[in-house]
Amino acid sequence: MNIVVCVKQVPAKDAPLAIPEGAAWIRETDIGFELNEPDGYALEEALRLKEKHGGEVVAVSMGPERSKQAIKEALAKGAERGVHISDDKFYELDPLGSARCLAAAIKREKFDLVLTGLQSDDHGFGQTGVLLAELLGLPHATIIMQIDAADGRLKLKRELEAGWFQWVELPLPAVLSIQSGINKPRYATLKGIMAAKKKEIATLTRAELGVTVSPTQRIERIYVPKKTKKTEILTGTAKEAAAKLVEKLKHEARVL
Amino acid sequence: MKILVVTEQRDGQWNRASFETLTAAQQAARATGASITAVVAGKSVGSLAKELAAYKVAEVLAIEHDLLEKYTPDGYTLALKQVITEARPDFIFFPHTYQVRDFAPKLAASLGRGMIADCVGLRYENGHLVFVRQMFQGKTAADVIFQGDAPWFASFQAGAFRGDQAETGGSAAPRNVNVDLKPEQIRTKPLELFREAKQAVDLTQAPIIVAIGRGIKEPTNIPLAEKLAQTIGGEIAASRPICDEGWLPMERQIGSSGQTVAPKLYLAIGISGAIQHVVGMKGSRTIVAINKDANAPIFEVADYGIVGDLFEIVPALTEELAKSK
Ligand SMILES: Cc1cc2nc3c(=O)[nH]c(=O)nc-3n(C[C@H](O)[C@H](O)[C@H](O)COP(=O)(O)OP(=O)(O)OC[C@H]3O[C@@H](n4cnc5c(N)ncnc54)[C@H](O)[C@@H]3O)c2cc1C
Ligand SMILES: Nc1ncnc2c1ncn2[C@@H]1O[C@H](COP(=O)(O)O)[C@@H](O)[C@H]1O
């Protein structure tokens, strides 16, 4: 089973985000980046399916030069090849434009399955997998918590709201969006990291892919959200803050 | 201008988020002078359509087809595409449910259009609607506007608008619309729905909840929070990653894929406050957040906050609570 897995690089979880006045994206200097967490689960699922059914795993990432690191991580864990869609201004793309670029690169591959994470931790569109399915003309399913493949079909466990699940079946080729927690992602071994150095990363640009995009939406600006509640921050040493909190909960909120 | 509101039902039961979206649409309609068409789809939805007609909308459409009895992305996309092509709305609003996120972007793309998903707010400004959504896991908000030609698609996060504020007083008679669907057009086969968690604890009944998140770092640290829970007489609960790791059973997960709770006191410890967590607890009467990051979004919904290291604060709090008894 040949699998394309989409991996995005996003600001590290604890990165302090600075927003230039009136900007639509964060200041990228001085912060660390990491693999989008859900994509780590998608990658792990791709590797396991390959190990079980044979084939290869190709990691595709779009973004500036730095995003090659997400591909390298995938290669170190066991993906065979990487495709980097080099784009310094990828963050200006709307969900459809972004998916069009990814779809154009994926179309060049011979694949049975495309896996994406459910949602990116930066844009958080939550749309890319579903859009890829439409653009590639394939069936899809999202919020996937288990994949069983047999005879060219997939049986999938989908998460629904409030603790419910559903089984669904669909034929290959297909596109799936993977939910966090589906598996326990492996760590890259030293051997894997060394082997990754010899693996191929192809580079493509939007122009080479022949994609022209006309945006359907535009981010006017991003900003730190306004608080909806007035939060009272209790200060002091741990002991002092704790004592103040107990006092407040007892006599002000009256919940103790 | 016309706004189409796509509601959601399963086996004749409403997804209540539908009415929150109706409120959003009514708000947009008041600002823009738009008319609202509400849509419900399924196998037999006549009585639901009648319920919708009681709301202040210009038109109610019922889409009935055997192949819409069980949700499939292909079935819903194909059916709604036909309705949209015929009704020609400018905007299509959805509740941001798991079902909607599974097909609405595809529906929009099948018409060559885009979607602004998971909106938490809506404003009318300088002659157009501005959609507010979160980015960077809730650390920033974004104002987003549509470009290009209508129709424009948007979905609204649970709790962003109040369903009980949807205005009634409508007089539209529901109208049935026919759609053309064939079994071979539907590529996914929906099978059974099931629950996994044993539900041995009912967190919805707990008056006090002590919830932990990834800030707890190791499962060996959980007793720290359990001791606090014991002292304060509360139940222990968690954010998703803690349950994903198997550190606590899934039945103790709070949020959109877990439980929705509204205790009199909710302590969020080492939880960042991602929207999927917050929708499950923001109805709590008093919310306390303990987090080392002063900018963590959880502080947006907290009544009281302590900015600092939970490994110092939680033991101190446990001690103070024990003392004050
Ligand atoms: C479709 C979908 C459904 C989802 N459903 C749910 C759901 O039902 N429930 C849910 O919870 N999530 C859900 N999520 C995941 C959600 O988006 C977040 O990823 C998750 O809630 C984050 O959990 P967290 O806050 O524990 O971890 P993180 O976001 O990693 O936050 C950890 C926090 O701990 C703080 N911290 C770290 N160390 C310390 C310390 N020593 N002292 C004090 N504070 C510290 C950090 O500052 C940070 O704010 C869902 C996501 C999707 C896409
Ligand atoms: N620039 C990108 N490069 C690679 N994969 C991406 C990119 N953007 C989105 N994806 C994939 O699509 C998923 C959902 O992203 P989003 O629709 O932005 O929430 C991510 O988890 C990735 O798997």
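Leaving out ligands and nucleic acids, note down the accessible area per residue over chain B with a 1.4 angstrom probe, in whole Å².
Values: 12650 Å² over 325 residues.
In whole numbers, chain B has 39 Å² accessible per residue.
What whole-number volume per residue, in cubic angstrom, does the convex hull of the C-alpha atoms of the range A:106-201 give? It would help to have the intermediate numbers written out before the result.
Details: hull volume 14.7 nm³, N = 96.
In the range A:106-201, the Cα convex hull volume per residue is 153 Å³.
Between their Cα atoms, which of A:LYS13/A:LYS77; B:LYS264/B:LYS292; A:LYS230/B:LYS217; B:LYS139/B:LYS217; B:LYS282/B:LYS325; A:LYS8/A:LYS89 are more than 18 Å away from each other?
Values: A:LYS13/A:LYS77 21 Å; B:LYS264/B:LYS292 24 Å; A:LYS230/B:LYS217 29 Å; B:LYS139/B:LYS217 21 Å; B:LYS282/B:LYS325 28 Å; A:LYS8/A:LYS89 14 Å.
The pairs that break the limit, which is 18 Å between Cα atoms, are A:LYS13/A:LYS77; B:LYS264/B:LYS292; A:LYS230/B:LYS217; B:LYS139/B:LYS217; B:LYS282/B:LYS325.
What percent of all Cα-Cα pairs in chain A falls in each 5 Å bin, counting up from 0?
For chain A, the pair-distance distribution reads 1, 6, 11, 15, 16, 14, 11, 8, 6, 4, 4, 3, 1, 0.
Provide a list, ordered by number, of residues in the range A:160-182 showing at least 40 Å² less accessible area with every protein chain present than when their chain is taken on its own, using a 1.4 Å probe.
Residues losing area: A:LEU160, A:GLU161, A:ALA162, A:GLY163, A:TRP164, A:PHE165, A:GLN166, A:TRP167, A:GLU169.
Over both sides of the A-B contact, add up the buried accessible area with a 1.4 Å probe and give it to the nearest 100 Å².
Summed over both sides, the interface buries about 7500 Å².
With the cut-off at 1.5 for a/c, could you classify the range B:254-325 from its C-alpha gyration tensor as rounded, prolate or oblate?
Details: a/c = 2.19, a/b = 1.43, b/c = 1.53.
Note, shape of the range B:254-325 comes out oblate.
Which cross-chain or sequence-distant (5 or more) residues have an amide H under 5 Å from the amide H of B:ASN15, H modelled 1.01 Å from N in plane?
Correct list: B:GLU8, B:GLN9, B:ARG10.
Starting from the Cα gyration tensor of the range B:125-213, take the square roots of the eigenvalues, sort them a ≥ b ≥ c, and report rounded, prolate or oblate (rounded when a/c is under 1.5, otherwise prolate if a/b is larger than b/c, else oblate).
Working: a/c = 1.62, a/b = 1.16, b/c = 1.41.
Oblate, because a/c is 1.5 or more while a/b does not exceed b/c.
Treating the angle as unsigned and between 0 and 90°, give the value, to the nearest 10°, between the Cα long axis of helix B:222-232 and the longest Cα principal axis of chain B.
90
Give the long-range amide H neighbours of B:CYS119: residues separated by 5 or more places, or on another chain, with amide H under 5 Å away, using H modelled in the peptide plane at 1.01 Å from N.
So B:CYS119 has HN proximity to B:SER155, B:PHE156, B:GLN157.
Please give me, ordered by residue number, the GluC sites (Glu not before Pro) of the range B:128-193 that lie in loop per DSSP and have at most 15 other Cβ atoms within 10 Å. Show your work: numbers first, answer last.
On the way: sites: B:GLU167, B:GLU184, B:GLU192; in loops: B:GLU167.
Those satisfying the criteria are B:GLU167.
Rg/Rh for the range A:156-256 to two decimals, with Rh computed the Kirkwood way over all alpha-carbon pairs. Can you show the working numbers first?
Values: Rg = 25.9 Å, Rh = 22.1 Å.
That ratio is 1.17, to two decimals.
Could you go through the range B:287-293 in sequence order and give the Karplus-derived ³J(HN,Hα) for each residue, using 6.51 cos²θ - 1.76 cosθ + 1.60 with θ = phi - 60°, rounded to whole Hz, and x for Gly and Pro?
Once θ is set to phi - 60°, the couplings for the range B:287-293 become 10, 10, 10, 10, 7, 7, 9 Hz.
Carbon-plus-sulfur fraction of the accessible area of the protein assembly as shown, 1.4 Å probe, in percent? Please report the intermediate quantities before stating the final value.
On the way: 11780 of 23710 Å².
Roughly 50 percent, rounded to a whole number.
Taking Rh as the Kirkwood radius computed over C-alpha pairs, what is the Stokes-Einstein D of the range B:203-324 at 4 °C in a medium of viscosity 1.567 mPa s, expressed in µm² per second? Please list the in-between numbers first.
Numbers: Rh = 13.8 Å.
This corresponds to a translational diffusion coefficient of 94 µm²/s.
Over the range B:46-190, what per residue volume does the convex hull of the Cα atoms give, in whole Å³? Intermediate values should be presented prior to the final figure.
Values: hull volume 20.5 nm³, N = 145.
Spelled out: Cα convex hull of the range B:46-190, divided by residues, is 141 Å³.
Tell me, how many Å apart are the Cα centres for the range A:208-233 and for the range B:227-248?
Comparing the Cα centres of the range A:208-233 and the range B:227-248, I get a distance of 33 Å.
Which shape class applies to the range A:1-78: rounded if a/c is under 1.5, otherwise prolate when a/b exceeds b/c and oblate if not, where a ≥ b ≥ c are the square roots of the Cα gyration tensor eigenvalues? Write out the running numbers ahead of the final one.
Working: a/c = 3.15, a/b = 2.84, b/c = 1.11.
Prolate, since a/c reaches 1.5 and a/b exceeds b/c.
Using only alpha carbon positions, build the gyration tensor of chain B, then give the equivalent ellipsoid semi-axes as the square roots of 5 times its eigenvalues, largest first, whole angstrom. Mind showing how you got there, number by number?
Numbers: eigenvalues 333, 94, 61 Å².
They are 41, 22, 18 Å, listed from largest to smallest.
Kirkwood Rh, the protein assembly as shown, all Cα pairs: how many Å? Kindly include the intermediate steps, with their values, before the conclusion.
Values: mean 1/r = 0.0403 Å⁻¹.
For the protein assembly as shown, inverting the mean 1/r across all distinct Cα pairs yields 24.8 Å.
Please check the range B:257-287 for residues whose accessible area, probe 1.4 Å, is lower by 10 Å² or more when all protein chains are in place than in their chain alone.
Those residues are B:SER257, B:GLY258, B:LYS264, B:LEU265, B:GLN276, B:ARG285, B:THR286.
For the range B:102-110, take each phi angle, set θ = phi - 60°, evaluate the Karplus expression 6.51 cos²θ - 1.76 cosθ + 1.60, and give the result in whole Hz per residue in order, putting x for glycine and proline.
Going residue by residue, I get 7, 10, 4, x, 5, 4, 4, 5, 5 Hz, with x marking Gly and Pro.
Would you look at the GNM of chain A, springs on alpha carbons closer than 10 Å, and say which of A:ASP88, A:ASP148, A:ASP112 moves the most?
A:ASP148
Skipping prolines and chain starts, which residues have an amide H placed within reach, meaning under 5 Å, of the one on B:SER35, given they are 5 or more residues away or on another chain?
Under 5 Å from the amide H of B:SER35 lie the amide H atoms of B:LYS2, B:ILE3, each far enough along the sequence or on another chain.
Rounded to the nearest whole Å², what accessible area per residue is found for chain A with the 1.4 Å probe? Spell out each step's value before the answer.
Values: 11050 Å² over 256 residues.
Accessible surface, normalised per residue, equals 43 Å².
Which residues of the range B:291-318 show a drop of at least 40 Å² in accessible area when all protein chains are present, compared with their chain alone (probe radius 1.4 Å, heavy atoms only, ligands and nucleic acids excluded)?
B:PHE299, B:GLU300, B:ASP303, B:TYR304, B:GLY305, B:ILE306, B:LEU317
Calculate one ³J(HN,Hα) per residue across the range B:264-275 by plugging θ = phi - 60° into the Karplus curve 6.51 cos²θ - 1.76 cosθ + 1.60, and present them in order as whole Hz with x for glycine and proline.
Calculated HN-Hα couplings, in order: 6, 9, 10, 9, 9, 10, x, 10, 6, x, 4, 4 Hz.
Just need the relative contact order of chain B here, percent rounded to a whole number, with Cα pairs under 8 Å and 6+ apart.
Details: 687 pairs, mean separation 50.3, N = 325.
Here the relative contact order equals 15 percent.
Suppose we look only past 12 Å in the calculated P(r) of the range B:107-161. What percent of the Cα-Cα pairs does that tail hold? Write down the numbers at each step before the final one.
Values: 987 of 1485 pairs.
For the range B:107-161, the share of Cα pairs beyond 12 Å comes to 66 percent.
The values are calculated or read from the model by the stated rules, or taken from the named source; none is laboratory data. The model shown is predicted, which means the values in this text are computed figures rather than measured ones. Positions of Cβ are generated from backbone atoms using ideal geometry, with glycine treated the same way; all protein chains shown enter the neighbour counts. Side chains are part of the model used for accessible areas, which takes the heavy atoms of the whole protein and leaves out ligands, DNA and RNA. Shrake-Rupley method; radii C 1.70, N 1.55, O 1.52, S 1.80 Å.
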